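Notes to accompany the following structure.
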Amino acid sequence: MTCTPGDTFTIQNGTNLVVPSVTTGSVNDVNDICTANRILDKLHNDFTEEYSPDSTTTPETPILAGRPTRIGTANKGNPTFWLREQLPLTSFTFGDYTAESSSLKRFNRIFETGKTEQNQSYRTLIHAIMTGVYNPAISKAYYLNRPTGSSPLTALTDIAAFKGIYGLRDLNKILEERIKAKVYEISKPVTDGQLNEYQKRKGIKTTIEEIAYQENKTYREKFLNILLLIVGVFLITTQLTQNYFSFSEGSSSSISGLSSIGGWLSSRIGFGSGGLFSRFGGVGLGSSGRSRFGNLFTSNPYSLSKRE
């Protein structure tokens, strides 16, 4: 029976990890998850359930703990009837399969005797595991096929229809298709309006980032210039202090420093014989100057000296 609004279900994933019970509602996705969960529970029982003794025994054997289902003819199509060690079923025999007397693994019993698809018990066993249907007369041509008239399941509408390995495969395919559709719905292309809005926001973000970058760059350059100016002033001050203002004991040190400055000016600017203006004849104060301009200042007609 499929889930309807108001039903509850629990999803278990791993050991001791259980999601609290979920209540279905008007959302179809939740209802489908609930139905898929019930199908998985049903398939899990079909492949793993342990049965209690047959109820036809006299006196009737009580149900064993943890085994709510009694073994019976209705269970012969379930894979667990063949795969797991189960209790005997009264007078169970068909074809080349003899009656049971004790609990056993029917799968091992058939394969250990070397049965192949040529044997009816082998074909019946494989057909039951694949389709969940017991057929004691299945032919060699059809024992691997679905039962006549059945086809792959495409909807979560009939829980009882999911049987055997084919039922498990059908459920897996349905869930895969549902997941693909949900992922496509989430990642479907955006509309032109959404794209324009995204591009506009991206442009604003890029502009703000560029402005911030340029401001940081300007501040870094200004700081570097100020730092270089401070370092330059410090270096010049240090050189002047070391070269011309040694400030040693006595006034002779100061005078010596001033004399040094005068000598430096005379030699660099050109007031001496090797200065800058010496190449152009000096400024008229040295011998080179007198040779260029003559005695310009020695025979001045406007001399203020008193004549006798």
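Quick notes on this structure:
- Enumeration of residues in the stretch 182-218 that are surrounded by 10 or more Cβ atoms within 10 Å (Cβ to Cβ) and within 30 Å of Thr2 (Cβ to Cβ): Lys182, Val183
- Of the set (1) more than 28 Å from Asp7 (Cα to Cα); (2) under 45 Å from the mean Cα position of the chain (by Cα), all apply to Gly66 but (1).
- Residues (exposed (fewer than 10 other Cβ atoms within 10 Å of the Cβ) and modelled with pLDDT of 55 or more) located in the stretch 226-262: Gln242
- When the stretch 95-114 is filtered for residues that are within 15 Å of Ile138 (Cα to Cα) and surrounded by 14 or more Cβ atoms within 10 Å (Cβ to Cβ), only Tyr97 remains.
- Across the stretch 56-71, not a single residue is classified as among the basic types (Lys, Arg), under 14 Å from Ile126 (Cα atoms) and surrounded by 12 or more Cβ atoms within 10 Å (Cβ to Cβ).
- Some residue of the stretch 140-163 being of a type outside the set (Gly, Ala, Ser), over 28 Å from Ala36 (Cα atoms) and surrounded by fewer than 17 Cβ atoms within 10 Å (Cβ to Cβ): yes
The values are calculated or read from the model by the stated rules, or taken from the named source; none is laboratory data. Everything numeric in this text was worked out from a predicted model, so none of it was measured. Here the Cβ is made from the backbone with ideal geometry for all residues, glycine too, and neighbour counts use every protein chain on show.
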